[in-house]
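Chemist: Provided herewith is a single structure, encoded as structure tokens, for subsequent inquiry.
All of the numbers you see were taken from the coordinates with simple rules; none came from a lab. Quick caveat: nothing in here was measured; it's all calculated off a predicted structure. Here the Cβ positions follow ideal geometry from the backbone for every residue, glycine too, while neighbour counts run over all protein chains shown.
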Amino acid sequence: MSHSFIAVANIVNGVDLDTFPAWLRITHFINFIMMGFLIRSGWEVLASHPRLYWNNHCTPGSEWIKFTKDKVSTVPGEFTARDDQRSLHPLISLPGRGEIGLGRAWHALVTSIWLLNGFIYVALLFGTGQWRRIVPTSWSIFPEAWESAKIYMGLQIPSIEHFQPYDALQKLMYFTVVFIVAPLMIATGPIMSPTFAGRFPRYVKLFHNRQTARSIHFLGMAFYCVFVVIHVALVFVVHPQYNIAHMMLGENYNDITAAQFAQAVTMLILGIVFAIALWIGASYWSLADKRRAQRLVWGATQPIRSLTLDKMHSRQVKTGTFTEDDISPFHWVNTRPPTREQSEEWVEMRERGFEDYRLEIGGLVEEEKSFSIDELKALGHVTNITMHTCMQGWTGIAKWEGIRLKDVLALVKPTEGARYVMVTSYGHVGHMYDGGPTTPYYECLDASMIDDDECILAWAMNGEPLPDVYGGPLRLRADSQHGYKMVKWVHRIEWIHDYHDVGDGQGGSREDSGLQHFDARA
């Protein structure tokens, strides 16, 4: 049995818009797969701080939407950002189970593939004249789209003559997806990087602030989710005998046989099943060997990061991006001060007001040295008003006073082979990769981080001695990186030969246990 349709000829300037060229079908399918990866990894990142704001302060209660019922105390440290984190199932997010480091890795890698595929699609769209299939050329598209919308809202379907190859509403929606929402996602995505946001503050202000850009990015994701669900559903509802065969087989069939329709439906279902299998398979593959996933997925993004983010440094201070009027009334924290079990030395120093605290500088140096806070103050002083950016998504602006790290390191002479600086905390890492006893938190810095003028050792916050919960008496501030690089409760700074020789060899406690990459600028 055959199903007959009369397709309206739609040839413009010699281009047949009723056919679906192979390149169009291939790029469309790749886009579908990549969007699934991006959405699922985006959910993983969002779950680590399930709140969205229009302001940079992220003060509890100022969210315009949140995906948690937890109430946050505004007393710093009573409820931390880590307490607010949610763990999603691997069937839902990529990779799931609260692995934000791997979630960010997947998001970064897939974004590159999605962009490349998108550029190829748009280039071929205009290069072949196929752009006319989704780009409106008359203002009549709006009343025609409204008429189509009324038909759909009435649970009816426009007649086949309206599809050339799409009806007006479809055409308008596809144009919105490709030329409005996608560019908006591309434009707001880089602002999630602290390096990019700090290096180009005027660009960030085009979207008002970083949190507004994050909210816009979320709304774009929500739009895509709704669009995909409706789009896939309508494929099976709106003239499926014609549209599915047309889309999957590529040709403009006026007479579609049952065999052709069955072949097209089979191809479509297999394609969807294949995509879902890839999405879920990536989650379980990542969680089966998280260290392998960390090396491979983050490693695949290294060439792009080497050409872009790795060459940038924050210029928040140089450009005067923030003033005292911008200081946040509330500043999230991610961890709590060291306990007596973790560091009896730090607890006892706190009880004495840190009067006997000394910063140790050693490792591969000719002579180790140590300094009290007062001695550090006598060596130099800088004041930086900067935005702290956590990889979870929250931000906070504060005034930090301290001394540049490079000025302190200049007081010791490194020996041959000293290539990295390791900063160790009195506090402990939240958990170990292998589930063993926790060890002191540490992070390693390369030469570019060390030489950054916004990389300081801070002893004061907002005009007061650095509070315990924010890292007192001394913490690292490295505003070109995410917050986990900014070691709190600094105990010791050492020159080392290679970060691979320390801990699990990934460059820091967060990289070791949180599966993040050594350079946190992405």
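Chemist: Going by a ≥ b ≥ c, the root eigenvalues of the Cα gyration tensor, does the range 330-416 fall in the rounded group (a/c under 1.5), the prolate group (a/b larger than b/c) or the oblate group?
Modeler: Oblate.
Chemist: Now for a different question. According to the square roots a ≥ b ≥ c of the eigenvalues of the Cα gyration tensor, what is the shape class of the range 380-427, taking rounded for a/c under 1.5, prolate for a/b larger than b/c otherwise, and oblate for the remainder?
Modeler: Oblate, since a/c reaches 1.5 and b/c is not below a/b.
Chemist: Cα centroids of the range 396-423 and the range 471-504: how far apart, whole angstrom?
Modeler: 10 Å
Chemist: How far apart, in nanometres, would the label points at Thr439 and Arg352 be if each is projected 7 angstrom from Cα along the Cα-to-Cβ direction?
Modeler: The modelled label-to-label distance comes out at 2.8 nm.
Chemist: Rounded if a/c is under 1.5, else prolate if a/b beats b/c, else oblate: with a ≥ b ≥ c from the C-alpha gyration tensor eigenvalues square-rooted, which is the range 315-514?
Modeler: rounded
Chemist: Below 8 Å between Cα atoms, with a sequence gap of 6+, how large is the relative contact order for the range 220-318 in percent?
Modeler: Details: 28 pairs, mean separation 13.7, N = 99.
Dividing the mean separation by the residue count of the range 220-318 yields 14 percent.
Chemist: Angle check, please: helix 22-48 long axis (alpha carbons) against the longest principal axis of the chain (alpha carbons), in degrees 0 to 90, nearest 10.
Modeler: 40 degrees
Chemist: If you don't mind, there's one more thing I want to ask. Which order do the peptides 305-314, 363-372 take when ranked by the mean count of other beta-carbon atoms within 10 Å per residue, highest first? Display every interim value, and only then the final one.
Modeler: Working: 305-314: 16.6, 363-372: 14.4.
Packing proxy ranking, top to bottom: 305-314, 363-372.
Chemist: Quick check on the exposure proxy: order Glu324, Glu147, Glu443 from fewest to most C-beta atoms within 10 angstrom.
Modeler: Fewest-to-most Cβ neighbours within 10 Å comes out as Glu324, Glu147, Glu443.
Chemist: Next question. Can you give the FRET efficiency to the nearest 0.05 for Ala447 and Leu116, using r as the Cβ-Cβ distance and R₀ = 30 Å?
Modeler: Taking R0 as 30 Å, the efficiency between Ala447 and Leu116 is 0.45.
Chemist: Once R0 is set to 60 Å, what does the formula 1/(1 + (r/R0)^6) return for the Cβ-Cβ distance between Phe175 and His497, expressed as a FRET efficiency to the nearest 0.05?
Modeler: Computed FRET efficiency for Phe175 and His497: 0.60.
Chemist: Ranking request for peptides 346-355, 174-183, 33-42: highest mean number of other beta-carbon atoms within 10 Å first, then the rest in descending order.
Modeler: 33-42, 174-183, 346-355
Chemist: Semi-axes of the equivalent ellipsoid for the range 119-176, please: Cα gyration tensor eigenvalues, times 5, square-rooted, ordered largest first, whole Å.
Modeler: Output for the range 119-176: semi-axes of 24, 11, 10 Å.
Chemist: Using 0.36 nm per residue of separation minus the Cα-Cα distance, give me the extension gain between Met267 and Val75 in nm, one decimal.
Modeler: 63.4 nm
Chemist: Sorted from largest down, give the three principal axis spans of the alpha carbons of the chain, whole angstrom values.
Modeler: 90, 45, 42
Chemist: Now, a different point. Taking 30 Å as R0, compute the FRET efficiency from the Cβ-Cβ separation of His381 and His208 and round it to 0.05.
Modeler: 0.35
Chemist: How big is the range 440-482 along each principal axis, measuring the range of its Cα positions in Å and listing the largest first?
Modeler: 30, 26, 15
Chemist: Further question on the same structure: Could you work out the relative contact order of the chain? I mean the mean sequence separation of Cα pairs under 8 Å and 6+ apart, divided by the number of residues, in percent.
Modeler: Answer for the chain is 18 percent.
Chemist: Here is a further query. All other residues with a Cβ under 15 Å from the Cβ of Val365 taken together, and with Lys, Arg as +1 and Asp, Glu as -1, what is their net charge?
Modeler: -1
Chemist: At a threshold of 8 angstrom on Cα-Cα distance, excluding pairs fewer than six apart, so keeping six or more, what relative contact order does the range 84-238 reach in percent? Let's see the in-between values first.
Modeler: On the way: 88 pairs, mean separation 21.3, N = 155.
Rounded, it is 14 percent for the range 84-238.
Chemist: Show me the ranking of peptides 481-494, 64-77 by mean Cβ neighbours inside 10 Å, starting with the highest.
Modeler: Order by mean packing, descending: 481-494, 64-77.
Chemist: Follow-up question, since we're still on this one. Provide the net charge surrounding Phe322, with neighbours chosen by a C-beta distance below 15 Å and charges set as Lys +1, Arg +1, Asp -1, Glu -1.
Modeler: Residues close to Phe322 contribute a combined charge of +2.
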